[in-house]
Structure formats: C-alpha cells, structure tokens
Amino acid sequence: MKCLNHLLVSGFVLSTVLTMIPLRSGLADESSVSKSGAASSDDPAPGSAGDPAKSKTSTYKRVLDELEAERREMRETERKHAEEEAAENKRIEDLETEVKALQSSNQQLATQTNAAQTQVASVQKTINSQLGPFGFGDRINSFLGQHTFTMTGDAAVGYYYSRQGNNSDPVLEFEVNPMFKVNDWLQFYGAFGAVAGPGGISSMAPTLANMQIFPLGQEAPLELVGGLFDLPFGDFYENQSPPWVNPFVTPPLMYGAEAIEPPSALGLQARGGIQWGGLGQDVDYTVWGDSGPSFESTTGVIGTPVIGERLNTLTGTNIATNGKGFGGRFRVFPLPIAKDLGRLELEASTYNGKWLDGNWFNSWGVGYAYRVGAFRTRGEWAQTYRQMPSLTGAAAYPGCCGHENRQGWYTMLAYSLYGIPHPNLGDWLEPRFDKTELLVRYSGVNQRAILTSDIMNEPTQGFSGSPSIFSPHAREVALGLDYWIQPNIVWQNEVDFELPRAGGTYFTIGAPASPVGATTNDVAAMTQFTLGF
Amino acid sequence: MKSRIAKAGVILVLLLAGAVGARAASGAPTAEQQKRHLELFHKGQALWPIYCNHCHNARNPAEFAPYQWDQIMMHMRTLENLPPEDEAAILEYLKTAR
C-alpha cells in the first residue's frame, strides 16, 4: 500500500513537471516572440518589409499553432501516464489478491500440518504403549486365545554305506511333534514318526506322548511331566537325539545300536532349575518314577533271560512290565555368563528299577558339555548292572544267570571353521568356510555277551548297518564334516571306523555259547541332509 | 472362489485389528511395566545364544509366531530345566525381536 502511494505521488509530480516544462517553453517562445517583435520594430525583416502587421499576425498564428500542438502532445502524454497508472493499479490489485490467496492457503496448510502432527503423535503413543514392540506378541496371543496348537519336528534323508555289511542304501526319517497348549500351566507334547530304509517303512507310531504341567504356575521352578517321555538319563535321549541337533549322523554306541539305557519310559517326572549365582550359574534337577526298564525276554521276544540280550528300544509297545523304575539327574552350570568363559555343564544321573519280577537293574553315569565360541565338546560315561534270575534245568541257558554289567562312554569334539581367521578366502568361499564344522567322536561299549539274533546289518536312520558294532567290546571312531546351510538345516557327512576288541561271548538260542576272538574291523560312510522345523 | 478368499481375508484382518484395538483400548502398560519388558528383553538377548547353543543352534526369532514361541519355550523350559526368570527373558526376546 505504501508503495502504491509512492507511485501515485511520483506520477503526480512527474505529470506536473511535464505539464510545466511545455508552459515554460511557451513562455520562452513568447519572450523570444516579444524580443523578435521588438527587434522587428527596430529592424524590420526583409520579407515583411511591405506589411509588418500582417507579418506579425502570421507569426502569432504560427506560435499559437505550435502551442496547440504542444498542448495536444501534453494531453497525449498525460493520457498515457493515466493508462499506465491504471495498469499498475490493476497489477497491484491482482498481486494483493494473490498474496491474500497465498496467505489463506498457508493458513490451511498450517492447520492441516498441526492436525497431522497431532495424529502422528497419537499413533506413535499408541505404538509405544500398546502394540509394540514389547506388547505385540501378547496382543496376538490374546487374540488367539488360550488354546493353541503348534507343530514342530524334523526330517532326514541320507545315503549309507557299510563295507562289512555290504550295504549301500538310502534312508529316510520323518518325525512330527505336535504341541497343544491348553493354558499357561498345561501343554501336551507328542512325537509321531516314520523311518524308511531297505528293511521297509515303519508305521507312524507315537514314540512320545506326555503332558507338561506347571502346578505352581510359571514362576515356580517345578514342572511335572506325565506320560511317555524320553528317559532323562544323561543328555542324549532328551537333548541330542533329533537328527538336526545331533551333529553326527549316528548316535554314540551307548545310546545307539548297543544302547545300555532304555530310550523312553512311561511315568511321571518332577523337574526344575534355579539360578544359584550370577547369570548363567544354574542348577537343575529331574526325578521320576516309571514302569521300569524292559529287555527282550521281559516281553517275550526271546523265551529265556540271557546275558547280552538287548534293551527294548521302543517302549511304546513294550511298557507292560511288572517292574518299577525310578531315577534322578542333577546338573550344575558353574560358569557365569558375564565372565565370557563359555557354558559348562556337569551332570550326574542314576536310573534303577525292577526289569523282571524282583530282579534289579541299576545304573549311574556322569557327563559334561562345554561350548565356547566355535568350539564345543561333550561326553558321558555310564555303567549298568542287571541282576539275572536263578534258573534251573532247561531254562538254565548258558549265560542265563548271575549278573551282567555294561559300560558305555563317548566323547566328542567339534570346531566350526568360522573361528579360524581367514581374511583372503574371497566372497564365494568365505561364507561356505564359515558354515563348515569338523567333528570327531570316540565311543565304546563293554558287555559280557552279544545275542546273535540281535545283530543287524540293515541300515536305518542313525545306524550304518555295520555288523561290527555288535561286538561285546565295541569301539568306534567317527569323523564328521557338517555344512550348516541354516541353523536348523544341515548337510552331515560321517565316516565311522569300527574297531571292536577281542573278548566276550556270542550267544545263539539253542546253540552253545562261543567266545569272541578278534572281530573284523569295518568302515562305514554316511551322508545325510537334515532339517529341523 | 478368489472373492471368497478375499472376503475371508478382509474379515480376518478386521477381526484381528478389532481385537488388537480393543485390547489396546483396555489400558496402556505403565512405565514400570515397560521398564520390566526392556530389562527382560536385554537379559533374553544375552541368554538366547548361550542357552540355546548349549544343545543346538539358536533358532531365528522370526521362524515362529509369538504364540508358537510361547508353546516352544514352555516345552524347552521343561526339557532343559531353565530357571523360570531366564525362560521368561528368552521368551520376551524371541517374541519381541521377531
């Protein structure tokens, strides 16, 4: 507005000046006319020498015409100025209108921005306080309700070779673990599986079926497990037996083909763990009672109890014993996490019971496990004692009576290659190098005898098919190379050297016992692709 | 068929959103609860690789849904005799980190 005033004043002053300039010019002309008139009166022009009055009139007329022309020019200039001023005014008005529109638009934007900011703040507050990150899982769980169902499991497909067994066969294993959670203190867990190999395909039978119960709530270190469960003796059956967890294709001898402890039992467990020191310094307990161990003669697979007969491997169909069993396992983890020394477990187990009438089966064992960085190791040693019935007459089969002791052990070492500095391997090789793990295991079993009808040479998942394993004094060195595609997907490769020692006896039902001399060594090789899901 | 699936999907999403919203409207966690969550999360973050790797490779939290981790950890706590507070911390980490 102030600018407009300046323009108006400037225009007025300019027009006035322009108006005055011609007037002054006219006056000057008039004076010159007067001067020329005066001059002509004193010194008449040569042309008007005949009629001075007429000449003067002509001069005035010419001057008047000139003045008229100047006035017209002035008016034209004034008109142009007026038009220009009007155009300027119009432009100023347009600009003012535009500015007002912009101001209005700005106001609207500011209002919208404020509203959006308020909305964003509200959403952010909701996210922070309600949906996440900490509350999101619980919200989903709340939506799904208390009853939930989950399926986990594993699958393995492999190819096994055994020189002495003359086997070269594919094998397949598949197991699903349904979990049905009823509420925060009760969950069902099961295991159904199938195994396929040259011997055929086993049916889908439940190998585990139990309830996990938290009788005192989630915050008390007491859980009950009732039903058919893995035997919590040592660590292998419970924690290491799934193919994708066990870094080897085969289990150690004492938990595999020559198992000295039953793999599962029907009963009730109480268990729990507490922290006794710093973070990671824990101690835990597991105690249980069950239906007791069973051997082949217990369930009628063979007619007479014999030293060297095999423990029943599948208690799902062999649980009808007249015995009772009870056991306990205690573990301590002495190293605190804060010290960054790795995790060390020390364990002791015992399992005892009546395997046949009043005849005892007793066992105990110790074990360890340790992992730090790329290195891990674990091992166990266990001993069993079986009281044999006193049989007479035809039942007094050689080796029937007295008692039977067995010992089993293993130790394994593994190292993942990511622990080795390897700065120059290149982009392709380096990740593959990092996923590779080298393994070695030594395991053995000592027992007095082997029942010849127990000797197998048909491979199945976890068993190479090597008959050399079935020796009273079996020894095995296993070398492994694992390639971990994912934490739960692994390509396992293993070479087993079966190195049985002389000693012990072979029993064949209906034939005389034969002492075992030097037993043939064997080599078996296995490759297996395993997935845990 | 596709439209039915689409409708079912929309209904499911609306139901989920409704349930989450209803739950969200029921009350925000207090600052103390948030602090407790954060403490559990950090503790679980420290324990997860060590405790899980003791027997097997630690599994990726994104592999399972929160309700599945609830079930799996209920099973793993029993199997491995985890102290209750440690199990709660690992569970918090697995459900949140995913």
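The values are calculated or read from the model by the stated rules, or taken from the named source; none is laboratory data. Predicted model only: the values in this text are computed from it and were never measured. Counting neighbours? That spans all protein chains shown, and the Cβs are built from the backbone with ideal geometry, glycine included.
Against the list (1) in a loop (DSSP other than H, G, I, E, B); (2) touching a strand residue (DSSP E or B) at 6+ places or on another chain (Cβ under 6 Å), the condition A:G165 fails is (2). Would you check which residues across segment A:489-510 are at pLDDT below 95, surrounded by fewer than 16 Cβ atoms within 10 Å (Cβ to Cβ) and assigned to a strand (DSSP E or B) and list them? A:R501 - this is the single residue of segment A:489-510 that is at pLDDT below 95, surrounded by fewer than 16 Cβ atoms within 10 Å (Cβ to Cβ) and assigned to a strand (DSSP E or B).
Candidates A:G190, A:G197: the one that is surrounded by fewer than 20 Cβ atoms within 10 Å (Cβ to Cβ) and touching a strand residue (DSSP E or B) at 6+ places or on another chain (Cβ under 6 Å) is A:G190.
Mind checking whether some residue in segment A:239-255 is more than 25 Å from A:W381 (Cβ to Cβ) and more than 13 Å from chain B (Cβ to nearest Cβ)?
The initial filter retains those residues of segment A:239-255 that are more than 25 Å from A:W381 (Cβ to Cβ), namely A:244.
This time we only want the ones that are more than 13 Å from chain B (Cβ to nearest Cβ), so: none.
No, segment A:239-255 has no match at all.
Every residue in segment B:48-58 that is at the interface with chain A (Cβ under 7 Å from one of its Cβ atoms) and touching a Phe, Trp or Tyr at 6+ places or on another chain (Cβ under 9 Å), please. B:H54, B:H56, B:N57, B:A58 - these are the residues of segment B:48-58 that are at the interface with chain A (Cβ under 7 Å from one of its Cβ atoms) and touching a Phe, Trp or Tyr at 6+ places or on another chain (Cβ under 9 Å). Among the residues making up segment A:402-427, a single one is at pLDDT below 95 and among the β-branched types (V, I, T): A:I420.
Name the residue, out of A:L279, A:L311, A:L266, that is closer than 30 Å to B:Q45 by Cβ, surrounded by 15 or more Cβ atoms within 10 Å (Cβ to Cβ) and either at pLDDT 95 or above or of a type outside the set (D, E) (or both). Show your work before the answer.
Details: A:L311 fails: closer than 30 Å to B:Q45 by Cβ; A:L266 fails: closer than 30 Å to B:Q45 by Cβ.
The unique qualifying residue is A:L279.
Taking segment A:433-461 as the range and being over 19 Å from A:G379 (Cβ atoms) and either within 33 Å of the chain's Cα centre (by Cα) or in a strand (DSSP E or B) (or both) as the test, the residues that pass are A:F433, A:D434, A:K435, A:T436, A:Q447, A:A449, A:I450, A:L451, A:T460, A:Q461. Any residue at all in segment A:173-180 that's more than 25 Å from the chain's Cα centre (by Cα), within 13 Å of chain B (Cβ to nearest Cβ) and within 25 Å of B:R59 (Cβ to Cβ)? Within segment A:173-180, none of the residues are more than 25 Å from the chain's Cα centre (by Cα), within 13 Å of chain B (Cβ to nearest Cβ) and within 25 Å of B:R59 (Cβ to Cβ). Taken residue by residue, segment B:78-98 has at least one member that is within 7 Å of chain A (Cβ to nearest Cβ), over 22 Å from A:D284 (Cβ atoms) and surrounded by 21 or more Cβ atoms within 10 Å (Cβ to Cβ). In segment B:59-77, the qualifying residues are those that are modelled with pLDDT of 95 or more and over 11 Å from the mean Cα position of the chain (by Cα), and the one that is farthest from the other protein chains (Cβ to nearest Cβ) is B:M76.
When we screen A:G323, A:G327 for residues that are away from every other protein chain (no Cβ under 14 Å), modelled with pLDDT of 95 or more, under 17 Å from A:T384 (Cα atoms) and surrounded by 19 or more Cβ atoms within 10 Å (Cβ to Cβ), the only hit is A:G327.
Here's the yes/no breakdown for (1) within 30 Å of A:F497 (Cβ to Cβ); (2) part of a strand (DSSP E or B); (3) modelled with pLDDT under 95; (4) not assigned by TED's automatic domain parsing to the domain that holds A:V366:
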position	(1), (2), (3), (4)
A:F180	no, yes, no, no
A:Q187	no, yes, no, no
A:A191	no, yes, yes, no
A:E219	no, no, yes, no
A:V249	yes, no, no, no
